[in-house]
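The values are calculated or read from the model by the stated rules, or taken from the named source; none is laboratory data. The shown structure was predicted, so the numbers you read here are calculated from the model rather than taken from an experiment. Methodologically, a virtual Cβ is constructed for each residue, glycine included, from the backbone with ideal geometry; neighbour enumeration extends over all protein chains shown. Side chains included, ligands, DNA and RNA excluded: accessible areas come from the protein's heavy atoms. Shrake-Rupley method; radii C 1.70, N 1.55, O 1.52, S 1.80 Å.
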Amino acid sequence: MKPSKNTVVWLPIAIAISVVAGMLMGNQFSNQHYISDNDRKLNTILNLIGQEYVDTVNIGDLVEQSIPQILSNLDPHTTYIPAKDLQDVNNELEGSFGGVGISFMVLNDTTAVVEAIPGGPSEKAGILAGDRIVKVDGVDFVGKDITDDSVRATLRGVIGSTVKLSIKRHSSKKLLEYEVVRGDIPVKSVDAAYMVDKLTGYIKVNKFGRTTYDEFLNGMMKLHNEGAKRYIVDLRGNAGGYMEIAILMANEFLPSNELIVYTKGREKKNDSQMWSDGNGSFQDAEIIVLIDEYSASASEIFAGAIQDNDRGLVVGRRSFGKGLVQRQVALRDSSAIRLTIARYYTPTGRCIQKDYKTGAYNQELYERYSHGELYSKDSIKVDKSKEFITTHGRTVYGGGGIVPDIFVPNDTTGLSTYYFNVANAGLLQKFAFTYSDINRKTLSKLKDYKQFLRILPGNDAILNDFVSFAAENGVPARWYYINLSRNLIVTQIKALIARDIFGPDAFYPIYNRDDKNIEAALKAFDNHRAVFPITEEEQ
């Protein structure tokens, strides 16, 4: 009987899956005889495929393809990281990478320098914001093949290595040549720390990396020195990171001997309890934590510790629902596996991990959108069988994320088809950079973004210039929809220009001006709702 084409294709993959599965499972058994028997079987199968299979097969490639399929049968957060991706993945959390130290934008098939990071290799070499990189090591670096990924791959490299950059600058008729020695470039995890009003400090944390606690503490102390008595910690969109960093941050707000989080695994060595030590610098400050459906993992640990201990309020929308703990295990070929070793529990005993055994894990956020949860608190699905009680007697729920104390619906004000078209084409960023580039000499003399806002043209002028720019770049004017999105477009353009001129710290004070979550937090502060226990009059 002639085998089908599908049989020929899948047979080696099926065997490889069995091979790798056996290797992974074999390590978990204490019976050495069983492991030895499987080792012999696996080696026999590998040799058999390599020597006698009808087609030439790259065993290594089959194993690489098969490992993710095997791990997908465990849980959604046990993952395989190929060797080629491991460095980039680690850089995101470790807080630095080897590079030239610029933020950039690919504009008209050319790499434009948005910022030379202060103190970084490029700034030391003399590269300026607005410069265009046209050659790298003498090779042309322009054209349609230039992408964000290709720029990163070219400019990043081993610390101490040298790269020659040929720069086109408006003030020079000839190319400028710079030799840049790659250095250790920090990856910031605190996007902003500024005063919203005379009493309220705002701090935005985008991940829980190796340097996040130090960045967070520095930002908090800056706000304290500027007069902050109450703090908004924004964890929206923060997918997590290192658990220990979330613990350190929560400890800053808690009195001594308060449970922050505990873990339970199949192995006792993976069980732990983390308690506050009473040395936090902000134990008496009011705090509100902002979360949304993309706040996960370490973000949920922090929010859960604040909520369960009745230390402050959680504002926004139900968080993602990731309650699993991973340990990264390095493999011999420099790849790695992030293996789930435990579940974590908030102080009241909640496991907030959402169900991943129904097969629709990746569709769950879409389901929230479909049944209206992003727009109505009444649509939030909670499991009444998983009720837990906080320190001061409030009811909270486990299973499926942190439910906020104050719900704020997703703000769709200003969204239109025109806005999506210009945003998806990157035209807001390109217009802002072009404006900054043309006016850089004047704008760079300004003291700060507040002075910048005072000298900008009126909103109508900015909008009209942008609409013309968008039309020249393929998005025609549709004024009904433009007027719907007027405030959103103008606000984002102002924030983006401010970032280009004054750096990332100038972006959020403008971008957040009409933020409904921040407005809800300020109202809760003013009504003393973030201080427990709450009296009936305050409620």
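See the values below:
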item: Highest average packing first - 314-322, 229-237, 90-98, Cβ atoms within 10 Å; result: 314-322, 229-237, 90-98
item: Estimated translational D of the range 425-539 in µm²/s (Stokes, Kirkwood radius over Cα pairs; 37 °C; 0.692 mPa s); result: 203
item: Label point distance in nm, D61-K523, each placed 7 Å from Cα along Cα→Cβ; result: 5.9
item: Virtual spin-label span in nm between Y375 and D148, 7 Å along Cα→Cβ; result: 2.9
item: Column: log10 I(q)/I(0), Debye, Cα scatterers of the range 116-156, q = 0.14, 0.21, 0.22 Å⁻¹; result: -0.36, -0.79, -0.85
item: Gyration tensor verdict on the range 445-510 (Cα atoms; rounded if a/c is under 1.5, prolate if a/b is larger than b/c, oblate otherwise); result: prolate
item: Global geometry of the range 355-441, whether rounded, prolate or oblate, following the gyration tensor of its Cα atoms and the 1.5 cut on a/c; result: prolate
item: Over 28 Å (Cα to Cα) - which of K322/K430; K268/K381; K268/K357 fall in this group; result: K322/K430; K268/K381
item: Nitroxide proxy distance, nm - points 7 Å out along Cα→Cβ at Q451 and N73; result: 6.6
item: Estimated dipole of the chain in Debye, rounded to 20 [Cβ of Lys and Arg +1, of Asp and Glu -1, Cα centre]; result: 720
item: Relative contact order of the range 80-186, defined on C-alpha pairs under 8 angstrom at six or more residues apart (%); result: 30
item: Mean ellipticity per residue at 222 nm, deg cm²/dmol - from DSSP H runs of n ≥ 4 across the chain, formula -39500 (n - 2.57); result: -11500 deg cm²/dmol
item: Whole-number percent relative contact order across the range 247-327, with pairs defined as alpha carbons under 8 Å at least 6 apart; result: 30
item: Dipole magnitude of the range 393-522 about its Cα centre (Cβ charges: Lys, Arg +1; Asp, Glu -1), debye to nearest 20; result: 320
item: The range 159-200: Rg to Rh, with Rh as the Kirkwood radius over Cα pairs; result: 1.30
item: Per residue accessible area of the chain, 1.4 Å probe, in Å²; result: 52
item: Tail fraction, Cα-Cα pairs, the range 150-220, threshold 15 Å, whole percent; result: 70
item: Cross-link partners of K516 among aspartates and glutamates (Cα-Cα below 20 Å; sequence separation of 8 or more within a chain); result: D191, D197, D234, E286, D292, E293, E373, D378, D405, D411, D526
item: From the C-alpha gyration tensor of the range 323-379, square roots of 5λ in Å; result: 31, 17, 9
item: Overall form of the range 238-327 per C-alpha gyration tensor (a/c, 1.5; a/b vs b/c); result: oblate
item: Convex hull volume per residue for the range 346-499, taking Cα atoms only, in Å³; result: 189
item: Accessible surface ranking that places the most exposed of I291, I159 first, with a 1.4 angstrom probe; result: I159, I291
item: Expected-Rg normalisation [2.2 N^0.38 Å, Cα atoms] applied to the range 83-159; result: 1.12
item: Diffusion coefficient, µm² s⁻¹, Stokes-Einstein with Kirkwood Rh over alpha-carbon pairs of the range 140-268 at 20 °C and 1.002 mPa s; result: 114
item: Length added when fully stretched, T417-N90, from 0.36 nm per residue minus Cα-Cα; result: 114.0 nm
item: Estimated D of the range 387-430 in µm² per second, where Rh is the Kirkwood radius over Cα pairs and Stokes-Einstein applies at 37 °C, 0.692 mPa s; result: 230
item: Nearby lysines by direct alpha-carbon distance to K445 (threshold 19 angstrom, same-chain neighbours under 8 apart not counted); result: K494
item: Debye intensity ratio in log₁₀ form over the Cα atoms of the range 300-411, taken at each q of 0.10, 0.14, 0.21 Å⁻¹; result: -0.34, -0.63, -1.17
item: Entries in K174/K207; K204/K377; K450/K523 that, when Cα-Cα distance is taken, lie over 30 Å; result: K174/K207
item: Highest average packing first - 412-419, 424-431, 366-373, Cβ atoms within 10 Å; result: 424-431, 412-419, 366-373
item: For the range 222-375, convex hull of alpha carbons as volume per residue, Å³; result: 151
item: The range 86-156 and the range 377-421: distance between their alpha carbon centers, rounded to Å; result: 39
item: Per-selection metrics, the range 34-165 (Cα): Rg and Dmax in Å; result: 22.2, 64
item: Solvent-accessible area, 1.4 Å probe, carbon plus sulfur percent, for the chain; result: 51
item: For the chain, projected area of the alpha-carbon convex hull averaged over all directions, nm²; result: 32.3
item: Listed peptides 72-79, 489-496 by packing density, highest first (mean Cβ within 10 Å); result: 489-496, 72-79
